[in-house]
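Step one of this worksheet: look at the structure below.
Taken together, the values in this text are just the output of simple stated rules run on the coordinates, not laboratory data. This is a predicted model, so every value here is computed, not measured. Note that each Cβ is placed from the backbone with ideal geometry, even for glycine, and that neighbours are counted across all protein chains shown.
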Amino acid sequence: MMDLEWKAGEQDLKNLQDAFNELGNDALFMSHYELESRTTYTAAEWRRFLTNPAVSDWLNEEHQLLRQTELKKMTRNISQNAKSVGTSQMLAALQKTLDTGSAREGPIFVYGYIPLNPDEEKAPNATKVPSDPFRIKG
């Protein structure tokens, strides 16, 4: 629950905070347009609220805590999913966002070398590449 201190002239921000808290955990992941559709406040009011430095900092910290929690949950059962490529890719991407302190701008590409099993080698849509296409020769 967001519990920021507001100055005397910021009653409108206090009211928006109260409306935000009434929506529960889902509000953490809503855009200003989604918040508008669930409350009596406009998207412009929500945008002003969400871009307020105190609110923005609080939301960033909250999202960081949620990412850390998800990483802990994944590592708790890592031995059960050790053979899953998706698990390793998600762990790597999640760890990268935690290491930088915030999500980076732009796309993140994750690739790996995974040997084809006998069925995949016979599949018409599978291509076996003989060398590393990303290796820089030099």
Check: Which FRET efficiency value, to the nearest 0.05, do you get for ARG48 and ASP3 by plugging their Cβ-Cβ distance into 1/(1 + (r/R0)^6) with R0 = 22 Å?
Finding: 0.70
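Based on other C-beta atoms within 10 Å, arrange SER56, SER37 from fewest to most.
Values: SER56 12, SER37 9.
Fewest-to-most ranking of SER56, SER37: SER37, SER56.
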Next item on the list: Report the calculated FRET efficiency for TRP58 and GLN95 (r = Cβ-Cβ distance, R0 = 35 Å), to the nearest 0.05.
Entry: 0.90
Next item on the list: Could you pull out every one of the lysines with an alpha carbon less than 30 Å from that of LYS96, ignoring same-chain neighbours closer than 8 positions?
Entry: LYS72, LYS73, LYS83, LYS128, LYS137
Notebook entry, point to check: According to a simple spin-label model (label point 7 Å from Cα along Cα-to-Cβ), what is the distance in nm between LEU71 and LEU23?
Noted result: 2.7
